[in-house]
Amino acid sequence: MTDLEKEKTKILISLGIGFAVLYVILDKKIFIYLSVLSVFLSITKTKISFQAVNYLKKIFNFIQNLLFGILIFSLYFALLFPVSFFWRLLNKEKFCYFLRNDKETFLLEVKEKINFKNQW
Amino acid sequence: MKIMGISALYHDSAAVLIEDGNIIAANQEERFTRVKHDSSFPYKAINACLEQSKTGIKDIDVFVFYEKPYSKFERITETIYAFAPKGFISLKEFVKGWSLKKFSFEYNLKDLDINPKAEILYSSHHLSHAASAFFPSPFEESAVLTVDGVGEYSTTLISKGIKNDIVPLKEIRFPHSIGLFYSAFTYFLGFKVNSGEYKLMGLAPYGNKSRRKNDFKEKIKKEIMDIKKDGSIFLNQAYFEYCTGNKMINEKKFFNLFGFKKRLENEEINQDHCDLALAVQELTEEVMINLARTARDIANSQNLCLAGGVALNCVSNSKILESEIFKNIWVQPAAGDAGGALGAALGAYHIHYGKERKLTGYDKMKGSFIGVEFSNDEIKKSLNKFEAVYDFIEYKDLVNLTATLLAQGNIIGWFQGKMEWGPRALGNRSILADPRIDDIQQKINMKIKRREGFRPFAPSVMEEFVEEYFYPAVYSPYMLFVSYFNGRYRNILPDGYENMGVKGKLEFKKSLFPAVTHVDFSSRIQSVNQETNPLFYGLIKEFYKITGCPMILNTSFNLRGEPIVATPEDAYRCFVKTDMDYLVMGNFFIERKKQKYKEEIDLDKLND
């Protein structure tokens, strides 16, 4: 098997798994068909051009990015955005330091003590 | 006690090995991966340090990471809270780039088969910088000023160093950062953030001290950056997007304020760009001088140690020196994030373990020659692999031959001894030339380094001649200060010099040493002393005997966009790809004309 064929097989197997995951998440039959197709192509070593594999990969990446965007968007507006209001209320000083030019100095006393033990 | 300091996962990854407080080896990952400012975990740099010191990984007692990942994570989260609902893009990019490898120091260490009893410690970003500046310095006590983009929360830290301790006193916190301010304008002027900042610094002297420049300064002060008397700053976030998006600035707002668009990378540089660069540089200097004054007042010291990316701004360092706020200034040669690895290791040794600091009156950087080294046998092996044609010459004759060839106008690659630590080539991985030749700056910029024509070169000067040629006569072994050519070596500027534009100013012969004289007669000098680098000093001395000129042009041995060469293979490859005339590696003398491989050859294939 040439390097190119090996690479193609690798991509097709990854796509097979990826589409199967999408099927589980979205419950749309199209993804299980695409998954089976990818695995079938990789197993049977059907002569498929690298370009075709790339198109399949592009479709997968597009759906993945879209889902990722929706997920982050939901996380942001459902969780972080509401939490930010509480954060602002509880950390008024920090919030003002970020955005308001209302002080004579922006130099702050260093309160934290030096420690090498923890990651905070 | 053997301690390994590591900086990684942001930019400029590096590893440093110290033993009982002495620096044994220090290497940057980029030099081995050949990816400039490489941020990946520095496995190769760690191996290089171990091989260099003939130490096994299991012999390392302590590993120290240069910052605190959870604190950094907390700062990013708080930024999202503070800017909600604007920070969606920033969050998306952050989550996209997230991986365990990127955030866990311990997870990365697992691949190294370290001693299970080895301790794992975490310094903090600015403490690492401060430690890298103070502990190797020659001072018993000192004010320490560290300024960069951002660490965990701090963007600037003022500390006091005393014996084996550092006491952090005051800080400026994110998002108000002089480093990010400078990077934002680096971006606006068409250079890359985190690597093009020194281009902005190099462009600034082409700016005119005109009304236009003053207008820019006023606009910046009024709209973008409020500079307080103590050097602290407030950055108006309406003009920036580094908190909320994936860009540095709000381009539309910048356009409305300055009247021109962001410069594209290959777009021609015009006078507006130069004037704005000068305005930004002058404001940065103003902030740094104010901060230095505050540091002196609160730390009550005559000495100053500097580190952090902004401390690589040699023009601003020189302004602090000229202002005489401090009697003595010492700057860490690897002032950027790579230097954090050194600071983390030294900080753990002296602060965490409370070990004594021994002072010798000199700094502990060994001239910054603490990187990898190759023997003549290793160099020969590499050259044979490339089927290179070479001669073996004893050092005495080699120095004489090289100096003679330099005096004849040749450009020579010079690869000797231990690699430099930090971004400057100081005479062990350098490209050398005669600074008196008119067109050598253009030739090296265009044909050798293939970089922007406006960028200046630095001279390496025999230490005892600095006073004769430059004012102020600064001791600058690491190229971290600028000085100006004395009047008698300058040429008189023609009428209308200010209006000659970038090309006109560049082409005008400004001094007897045009290749190393910037448009304002400044020069980023390296004062070379015999004890620190006898071979390089010997070469300049030989050049002086032949020509009467006690300096040579010294620029880093690399191509544009590539890191400085580390190995003989890198050096030979770079040599063949460019128009360098000769290459001197160890005792080997290589003439370009005799080489089998000349141009356009894929030398990478010969690497295996």
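The values are calculated or read from the model by the stated rules, or taken from the named source; none is laboratory data. Note that this is a predicted model, so its numbers are computed, not measured. Ideal geometry is used to build each Cβ from the backbone, glycine not excepted, and the neighbour counts take in all protein chains shown. Side chains included, ligands, DNA and RNA excluded: accessible areas come from the protein's heavy atoms. Shrake-Rupley method; radii C 1.70, N 1.55, O 1.52, S 1.80 Å.
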Might you check whether a residue that is part of a helix (DSSP H, G or I) and modelled with pLDDT under 95 occurs anywhere in the range B:537-546?
-> no
Residue check: is A:Lys113 under 29 Å from B:Gly343 (Cα atoms), over 25 Å from the mean Cα position of the chain (by Cα) and either in contact (Cβ under 8 Å) with a residue 24 or more places away in the chain or in a helix (DSSP H, G or I) (or both)?
-> no
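Residues are listed down the side, and each one gets a yes or a no for (1) within 14 Å of chain A (Cβ to nearest Cβ); (2) surrounded by 22 or more Cβ atoms within 10 Å (Cβ to Cβ):
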site	(1), (2)
B:Gly207	no, yes
B:Phe216	no, yes
B:Lys228	yes, no
B:Asn236	yes, no
B:Asn250	no, no
B:Ala277	no, yes
B:Asp297	yes, no
B:Gln302	no, no
B:Leu306	no, yes
What residue, of B:Ser142, B:Ser154, B:Ser159, is buried (at least 24 other Cβ atoms within 10 Å of the Cβ), away from chain A (no Cβ under 14 Å) and under 20 Å from B:Ile298 (Cα atoms)?
-> B:Ser142
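Keeping to the range B:111-124, report how many residues are open to solvent by 40 Å² or more (accessible area, probe 1.4 Å) and of a type in the set (S, T, N, Q). Please lay out each step first, then the result.
Residues of the range B:111-124 that are open to solvent by 40 Å² or more (accessible area, probe 1.4 Å), as a first pass: B:111, B:113, B:115-117, B:119-120.
From the residues that got through so far, the ones that are of a type in the set (S, T, N, Q) too are B:115.
Qualifying residue count, the range B:111-124: 1.
Take the range A:42-98 and flag every residue that is more than 14 Å from chain B (Cβ to nearest Cβ), open to solvent by 50 Å² or more (accessible area, probe 1.4 Å) and out of contact with any helix residue (DSSP H, G or I) (no Cβ under 7 Å at 6 or more places or on another chain).
Initial filter on the range A:42-98 (more than 14 Å from chain B (Cβ to nearest Cβ)): A:42-60, A:62-63.
Now drop any that are not open to solvent by 50 Å² or more (accessible area, probe 1.4 Å), which leaves A:43-47, A:49-51, A:54-55, A:57-59, A:62.
Hits for the range A:42-98 are A:Ile43, A:Thr44, A:Lys45, A:Thr46, A:Lys47, A:Ser49, A:Gln51, A:Asn54, A:Tyr55, A:Lys58, A:Ile59, A:Phe62.
Mind checking which residues of the range B:539-555 are in contact with a strand residue (DSSP E or B) (Cβ under 8 Å, 6 or more places away or on another chain) and surrounded by 19 or more Cβ atoms within 10 Å (Cβ to Cβ)?
Correct list: B:Leu539, B:Ile540, B:Phe543, B:Pro550, B:Met551, B:Ile552, B:Leu553, B:Asn554, B:Thr555.
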Residue in the range B:556-578 that is modelled with the lowest pLDDT, counting only those that are open to solvent by 20 Å² or more (accessible area, probe 1.4 Å) and not hydroxyl-bearing (Ser, Thr, Tyr) | B:Arg560
Would you check if there is a residue in the range B:107-130 being among the small types (Gly, Ala, Ser), within 12 Å of chain A (Cβ to nearest Cβ), outside any loop (DSSP other than H, G, I, E, B) and in contact (Cβ under 8 Å) with a residue 60 or more places away in the chain?
-> yes
Those residues that are open to solvent by less than 10 Å² (accessible area, probe 1.4 Å) and within 14 Å of chain A (Cβ to nearest Cβ), I need them from the range B:174-203; list them, please.
-> B:Pro175, B:His176, B:Ser177, B:Ile178, B:Phe181
For B:Pro85, indicate whether it is within 14 Å of chain A (Cβ to nearest Cβ), free of Cβ contacts under 8 Å to residues at least 12 places away in the same chain, surrounded by fewer than 18 Cβ atoms within 10 Å (Cβ to Cβ) and not in a helix (DSSP H, G or I).
-> yes
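So which helices (runs of 4 or more DSSP H) stay within the range B:387-504 end to end and still have 1 or more residues that are touching a strand residue (DSSP E or B) at 6+ places or on another chain (Cβ under 9 Å), open to solvent by less than 20 Å² (accessible area, probe 1.4 Å) and under 24 Å from B:Glu531 (Cβ atoms)? If you could, list the steps in order and put the result at the bottom.
Working: elements: B:395-407, B:440-443, B:466-469.
Per the criteria, B:395-407, B:466-469.
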Note on the range A:1-41: residues open to solvent by 70 Å² or more (accessible area, probe 1.4 Å) and either among the β-branched types (Val, Ile, Thr) or assigned to a loop (DSSP other than H, G, I, E, B) (or both) are A:Met1, A:Thr2, A:Ile13, A:Ile17, A:Val21, A:Val24, A:Ile25, A:Asp27, A:Lys28, A:Ile30, A:Val36
Give the residue that is nearest to the chain's Cα centre (by Cα), with candidates limited to residues of the range B:52-82 that are free of Cβ contacts under 8 Å to residues at least 24 places away in the same chain and more than 29 Å from A:Phe73 (Cα to Cα).
-> B:Lys54
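Of the residues B:Glu74, B:Glu67, which single one is touching a strand residue (DSSP E or B) at 6+ places or on another chain (Cβ under 9 Å) and either surrounded by fewer than 18 Cβ atoms within 10 Å (Cβ to Cβ) or assigned to a loop (DSSP other than H, G, I, E, B) (or both)? Show your work before the answer.
Details: B:Glu74 fails: touching a strand residue (DSSP E or B) at 6+ places or on another chain (Cβ under 9 Å).
Step by step, each of B:Glu74, B:Glu67 is checked, and only B:Glu67 is touching a strand residue (DSSP E or B) at 6+ places or on another chain (Cβ under 9 Å) and either surrounded by fewer than 18 Cβ atoms within 10 Å (Cβ to Cβ) or assigned to a loop (DSSP other than H, G, I, E, B) (or both).
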Look at the range B:316-327 and say how many of its residues are surrounded by fewer than 24 Cβ atoms within 10 Å (Cβ to Cβ) and either touching an Asp or Glu at 6+ places or on another chain (Cβ under 7 Å) or small (Gly, Ala, Ser) (or both).
-> 3
Any residue at all in the range B:92-110 that is touching a helix residue (DSSP H, G or I) at 6+ places or on another chain (Cβ under 8 Å), among the aliphatic types (A, V, I, L, M) and surrounded by 20 or more Cβ atoms within 10 Å (Cβ to Cβ)?
-> no
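Applying the selection to the range B:1-54, what residues are of a type in the set (Val, Ile, Thr) and in a strand (DSSP E or B)?
Just the residues of the range B:1-54 that are of a type in the set (Val, Ile, Thr), to begin with: B:3, B:6, B:16, B:18, B:23-24, B:33, B:35, B:46.
Within the range B:1-54, B:Ile3, B:Ile6, B:Val16, B:Ile18, B:Ile23, B:Ile24 meet the criteria.
Take the conditions closer than 28 Å to B:Lys92 by Cα, buried (at least 16 other Cβ atoms within 10 Å of the Cβ), within 7 Å of chain B (Cβ to nearest Cβ) and not small (Gly, Ala, Ser) and apply them to A:Phe106. Does it pass? Steps first, answer last, please.
Details: closer than 28 Å to B:Lys92 by Cα: no; buried (at least 16 other Cβ atoms within 10 Å of the Cβ): yes; within 7 Å of chain B (Cβ to nearest Cβ): yes; not small (Gly, Ala, Ser): yes.
Criteria not met by A:Phe106.
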